[in-house]
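Presented below is the structure to which this report refers.
The values are calculated or read from the model by the stated rules, or taken from the named source; none is laboratory data. Everything numeric here is computed off the predicted structure, so don't read it as measured data. Every residue, glycine as well, gets a Cβ built from its backbone with ideal geometry; the counts of neighbours run over all protein chains shown.
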Amino acid sequence: MSASKTCSHLDQIQVTELPEQIDGCEECLKIGSRWVHLRMCMTCGKIGCCDSSPNRHATAHERETSHPIILSAERGEGWSWCYPDELFFMLSPQ
Ligand SMILES: [Zn+2]
Ligand SMILES: [Zn+2]
Ligand SMILES: [Zn+2]
């Protein structure tokens, strides 16, 4: 991971840990749809689906709320993505 560019939205991160149990994309569960991969909003903790999923709820959530950063909710991945900066990064453990 390159550190040449840094995200300027780190102060909006409120949630850094994935929930113990993730049932799936909250919006897909409501409408009975399917998802491919899951992402968690790092501002409010909402679970949404990735851009490979038919409904792209993680991106839809960012558009609606302007919550800028998602964390991969796939166990063991640990990367984050900032929408406004279009930047992948890993939060180093404190
Ligand atoms: Zn950012
Ligand atoms: Zn979804
Ligand atoms: Zn959010």
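Quick notes on this structure:
- Restricting Ser8, Ser72, Ser53 to residues that are farther than 20 Å from Leu91 by Cα and surrounded by 12 or more Cβ atoms within 10 Å (Cβ to Cβ) narrows the list to Ser53.
- Looking across region 80-94, just one residue is of a type in the set (D, E, K, R) and either modelled with pLDDT under 95 or at negative phi (or both), and that is Asp85.
- Candidates Asp51, Asp11, Asp85: the one that is part of a helix (DSSP H, G or I) and not hydrophobic (A, V, I, L, M, F, W, C) is Asp11.
- Qualifying position, being of a type outside the set (A, V, I, L, M, F, W, C), part of a loop (DSSP other than H, G, I, E, B), in contact (Cβ under 8 Å) with a residue 24 or more places away in the chain and within 16 Å of ligand 1 (Cβ to nearest atom), among Thr59, Thr16: Thr16
- Output for region 11-48, where each listed residue is in contact with a strand residue (DSSP E or B) (Cβ under 8 Å, 6 or more places away or on another chain) and aliphatic (A, V, I, L, M): Ile13, Val15, Leu18, Ile22, Val36, Leu38, Met40, Met42, Ile47
- So Leu29, is it within 13 Å of ligand 1 (Cβ to nearest atom), at pLDDT 95 or above and among the hydrophobic types (A, V, I, L, M, F, W, C): no
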